[in-house]
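Single-structure report; data block below.
The values are calculated or read from the model by the stated rules, or taken from the named source; none is laboratory data. Since we're looking at a predicted model, the values are computed, not measured. Ligands, DNA and RNA are stripped out before the accessible areas are found, and what is left, the full protein with its side chains, is counted by its heavy atoms. Shrake-Rupley method; radii C 1.70, N 1.55, O 1.52, S 1.80 Å.
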Amino acid sequence: MSEKRYATEFKVIEISLYSINNESKPYVNLAGNMCKQFQYYEDIFWPSYAATMVIEDSAENIISTMPIQGFEKVVMEFEDVMGEQYSYTFRVWTVSNRIVKERRNTYTLGLISEAGLINEGVRINTMVKGNTSAVVKEILSKKLNIPVGTIDAEPSATSIKILPTKKTPFTVIRSLCPRTVSE
């Protein structure tokens, strides 16, 4: 008799938390008993992904010894029911809901994709012109350092010319949506 498998099944391979001072080697693996809850978020209107992760730390005290202060890298690796592996890279943008009880730290890490976090500090002040899909690729690669090979922009028949005054890259891209016609 074969074992039943469900499409929602997955196996956590590793959840690595890196110190800001050393991103070449993980500081700690949060998989197992430390990560108590994980929620992943995507939104069709926001071109980045985010997550929250509840950590229960009774041995490492990483919030103080590391310390966690923001922008730390978190790499999560999963394997789905078909054996394919997926990797997501996040940055810590907040620590909230901290409770210390009986020598146990419990807190929530707010995670966001690196591009989503960098987007908040970048502004576009120069003329943007050309084919809409080419402009989107250029903004993502030059302003947010996203590798061109990972950008999946639908070809467009529309050309634009705008001067975005101090707008974030995602805001500019979102403003192009109503003006764009697919090829």
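Rg(Cα) of region 121-180 divided by 2.2 N^0.38 Å?
Details: Rg = 10.7 Å, N = 60, 2.2 N^0.38 = 10.4 Å.
So the Cα radius of gyration is 1.03 times the expected 2.2 N^0.38 Å.
The Stokes-Einstein estimate for region 22-64, based on a Kirkwood radius over Cα pairs and taken at 25 °C with 0.890 mPa s viscosity, is a diffusion coefficient of 195 µm²/s. Once C-alpha pairs closer than 8 Å and six or more residues apart are averaged by separation and normalised to the residue number of the chain, the relative contact order reads 18 percent. Amide H contacts for residue 146 (H built 1.01 Å from N in the peptide plane; partners 5 or more residues away or on another chain; cut-off under 5 Å): 141.
Using the 1.4 Å probe convention, the accessible area of the chain works out to 64 Å² per residue with neighbouring protein chains retained.
How much of the pair distance distribution for region 1-136 lies past 26 Å, counting alpha-carbon pairs only, in percent? In whole percent, the long-distance tail amounts to 35.
Can you tell me which of 173, 20, 162 moves the most in a GNM of the chain? Springs connect C-alpha atoms under 10 Å apart. Comparing 173, 20, 162 in the GNM, the peak value goes to 162. Kirkwood hydrodynamic radius computed over region 66-128 comes to 14.5 Å, based on all pairs of distinct alpha carbons.
Let me have the relative contact order for region 49-123, percent, based on Cα pairs under 8 Å that are six or more residues apart. Relative contact order for region 49-123 comes out at 38 percent.
The alpha carbon convex hull volume per residue for region 62-183 rounds to 164 Å³.
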